[in-house]
1. Please list the helices of the chain that count as membrane-span-like by this rule: a mean Kyte-Doolittle hydropathy of at least -1.0 together with Cα atoms stretching 24 Å or more along the helix axis, each helix being a complete DSSP H run.
2. Can you list the aspartates and glutamates whose alpha carbon is less than 14 Å from that of Lys75, not counting same-chain residues fewer than 8 positions off?
3. What Cys residues in the chain have no fellow cysteine's beta-carbon under 4.7 angstrom?
4. May I ask which residue of Gln279, Asn5, Pro50 lies farthest towards the positive end of the charge dipole of the chain, with charges of +1 (Lys, Arg) and -1 (Asp, Glu) on Cβ and the Cα centre as origin?
5. Would you kindly state how much longer the chain becomes between Glu285 and Glu22 on full extension, computed as 0.36 nm times their sequence separation minus their alpha carbon distance, in nm to one decimal?
6. Starting from the alpha-carbon convex hull of the range 15-132, give the projected area averaged over all orientations, in nm².
7. How much accessible surface does Glu39 have with a 1.4 Å probe, in Å² rounded to 10?
8. Distance check, please: which entries in Lys68/Lys197; Lys197/Lys282; Lys186/Lys239; Lys68/Lys276 exceed 29 angstrom between their Cα atoms?
Amino acid sequence: MSNNNDLIQALAAIAEGSALAESRHTRQAATDHTQGCCEALFTTGTAHFPLAERAAIAAQVAEWHQVKTLAQHYKTLTAEAEPTPYLQAAHLFARHLTFEPVSVTPQHLQQLQQAGWQTDALITLAQVIAFVSFQSRLIAGFTVLTSLAETGEGQVKNVPAVTAGRWHLQARTAGNRRAPQAFTRKELGWEPWLTPKPFDAFTEQQQQVLVRFGHQHSDYFLLLGHDQPVLEQRTLIDKGIFYTSGGLSRAERELAATVVSKVNGCIYCASVHARKASQLSKQTEEIALLLQVQPGDELSAGQSERWQAQIEAVAALSLTPPRLTQEHLHALQRHSLTTLEITDLIQSAAFFAWANRLMLTLGEPFIPEQEAVEGVQKVKSA
């Protein structure tokens with residue numbers, strides 16, 4: 001990819017040859033497919049979701065994140081349009097996804113459908129909002145990292161700690177399965193609120209892509225498959241961020257995913273990535289402590305100084321708008337994190353701003369049947 005075709009580099013003013021630019025070259029797959037996803041979403045539109053409408057929603061989401069360069073970029077792709085019930089429903093959905101994705105319910109999706117949103121367009125709408133949330137955090141994080149290189153370390157300042165967000169406490173899912181009411185490292189199921197696209201409905205080439213990524217049996221990925229070009233780019237970004245050698249340890253990338261999920265209240269994502277972080281780091285007690293943090297309580301309390309610095313930086317970047325500061329990055333540098341490691345941390349956190357916003361707003365987790373039965377048996381024997 002040429003430097004002229006890298007929107008993140010341009011909008012974050014990343015100088016070619018800088019340590020950050022070299023780190024992004026090292027993570028070339030993530031860099032390339034971030035641009036690829038942008039092009040999949042914003043090069044053309046469809047009859048039910050034209051390019052101008054996508055860009056208008058993207059510009060609004062970027063403004064909510066206070067990333068002015070990104071908002072201006074999308075404004076160049078759109079035009080003034082009369083508000084319609086169709087677009088008003090989309091903007092209301094975008095506000096929920098941007099500021100508090102855990103607040104979305106099946107009724108919000110029903111309202112979109114009643115306003116005329118068909119499933120294919122609705123999935124693309126969710127991807128637009130979640131992707132711009134990802135882009136906004138990349139630009140915000142890289143801008144701070146770039147300014148850090150220019151100014152050097154100044155006086156150490158205290159920054160407010162970020163607290164855990166709220167999560168769902170209902171006992172049953174929309175499908176009447178037993179719902180988790182606390183964060184856990186146990187395996188959970190996930191039920192969609194919309195109908196996934198049947199595997200047989202994909203073309204043979206599309207089926208091959210799903211099989212290559214192991215998505216063919218997942219309701220979540222078959223649902224996202226309503227817009228497969230975006231799903232494919234998103235999967236390649238995920239692999240480019242989390243499954244690469246060198247830089248930040250895989251355990252600490254998984255820690256970042258868990259922290260973002262605690263900020264956003266995503267029990268399902270946290271269950272997967274807390275389990276991986278525990279397995280890789282062998283710090284099971286520390287991960288358990290993080291999962292137990294209650295809404296409004298400090299996320300980094302009781303952790304090692306290195307993990308405190310990472311948790312606080314990730315949590316600050318996960319807020320809307322992001323609140324990552326030079327002080328957060330100075331703290332990471334004091335624990336000897338390199339520019340590549342900080343890049344990995346920023347990209348891991350930004351990606352889960354995207355992932356949480358899809359998981360929380362297109363479906364919900366449930367406790368698998370066997371787990372539910374065993375739980376009842378334990379209660380009866382207690």
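1. Helices meeting the span and hydropathy rule in the chain are 119-151, 339-362.
2. By straight Cα distance, Lys75 reaches Glu53, Glu63.
3. Cys37, Cys38
4. Of Gln279, Asn5, Pro50, it is Gln279.
5. Here the answer is 91.1 nm.
6. So the mean shadow area of the Cα hull is 8.3 nm².
7. Glu39 exposes around 70 Å² with every protein chain in place.
8. Lys68/Lys197; Lys197/Lys282; Lys68/Lys276
The values are calculated or read from the model by the stated rules, or taken from the named source; none is laboratory data. The structure displayed is predicted, hence computed values, not measured ones. No Cβ is skipped: glycine too gets one built from the backbone with ideal geometry, and neighbour counts run over all protein chains shown. The protein model used for the area step is the full one, side chains on, heavy atoms only, and it has no ligands, DNA or RNA in it. Shrake-Rupley method; radii C 1.70, N 1.55, O 1.52, S 1.80 Å.
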